[in-house]
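Colleague: Provided herewith is a single structure, encoded as structure tokens, for subsequent inquiry.
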Amino acid sequence: MTAKKQTGESGHRRYSKLVTETNARAASRGMLYGVGFKKGDFQKSQVGIASTWGTVTPCNMHINDLAEHAARGVRKAQGMPLTFGTITVSDGISMGTEGMKYSLVSREVIADSIETVVGCQSYDGIVTIGGCDKNMPGCMIAIARLNRPAVFVYGGTILPGTQHNGLRH
């Protein structure tokens, strides 16, 4: 017997319905209206887009562009994307300094922050986007812990050159 037949649920809106249905959840819907939801959007699966964007390392400077593409894909698939950020660090910068004390533990902080947002907001699925050796494992740890539909997107390798006023040289 399939899980669907056992539980009577398809997984669609398995989590988000907890914050979007019934009169008791009117305040939750009010907050979602505030971030741009329309009435029909409450019948769509909510998908968190976890962005590790930051300008602290060249590995992650382009991640928000990928997050925007992911959000458009979720909308095209009739879902509701909700983008949020998490931390990122660069051990390439902190190497040999006191900052290295924070580098490895950052994986757990990243995983915890993604898990916290997805669990608290009751997202039905997650897309995580990472681009360095600390946030990629953090994203994957969160995906494993959450055990819901998920996709990890690798941000790609660092392009040569330098960034100046938004242009690569």
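Colleague: How about region 63-156: which GluC sites (Glu not before Pro) there are in a DSSP loop, with at most 14 other Cβ atoms within 10 Å of their Cβ?
Modeller: GLU98
Colleague: Sticking with this one: Can you give the three extents of the C-alpha atoms in the chain along their principal axes, from longest to shortest, in whole Å?
Modeller: Principal extents (Cα only, largest first): 54, 34, 31 Å.
Colleague: Let me ask something else. Would you kindly enumerate the cysteines in the chain that have no other Cys beta-carbon under 4.7 Å from their beta-carbon?
Modeller: CYS120, CYS139
Colleague: LYS76 to ARG14: extension gain in nm, 0.36 nm per residue of separation minus the Cα-Cα distance?
Modeller: 20.3 nm
Colleague: In the chain, what is the count of Lys pairs whose alpha carbons are under 29 Å apart, counting only pairs at least 8 residues apart or on separate chains?
Modeller: Eligible lysine pairs with Cα atoms under 29 Å apart amount to 16.
Colleague: In debye, nearest 20, what is the charge dipole magnitude of the chain about its Cα centre with +1 on Lys and Arg Cβ and -1 on Asp and Glu Cβ, if you could check?
Modeller: 840
Colleague: Which part of region 101-128 falls in the paramagnetic zone of ARG145, meaning amide N under 11 Å from the point 7 Å along Cα-to-beta-carbon?
Modeller: 107-119
Colleague: Place +1 on the Cβ of every Lys and Arg and -1 on the Cβ of every Asp and Glu in the chain, take the dipole about the Cα centre, and give the residue among GLY155, ILE49, THR86 whose Cα lies farthest towards its positive end.
Modeller: ILE49
Colleague: Whole-Hz Karplus ³J(HN,Hα) for region 51-64, in order, using 6.51 cos²θ - 1.76 cosθ + 1.60 and θ = phi - 60°, x for Gly and Pro?
Modeller: With coefficients 6.51, -1.76 and 1.60, one gets 9, 9, 4, x, 9, 7, 8, x, 5, 10, 5, 9, 4, 5 Hz.
Colleague: Place a point 7 Å from the Cα of THR157 along the Cα-to-Cβ direction; which residues of region 56-86 have their backbone N under 15 Å from it?
Modeller: Zone members listed by number: 59.
Colleague: Further question: Going 7 Å from the Cα of ALA27 toward and past its Cβ, which residues in region 105-134 have a backbone nitrogen under 17 Å from where you end up?
Modeller: Backbone N within reach: 120-122.
Any read-out appearing in this document is the output of simple, stated calculations on the displayed coordinates, not a laboratory observation. Only a predicted model underlies this, so the values are computations on that prediction, with no experimental measurement involved. Reconstructed Cβ throughout: ideal geometry from the backbone, glycine too, with neighbour counts over all protein chains shown.
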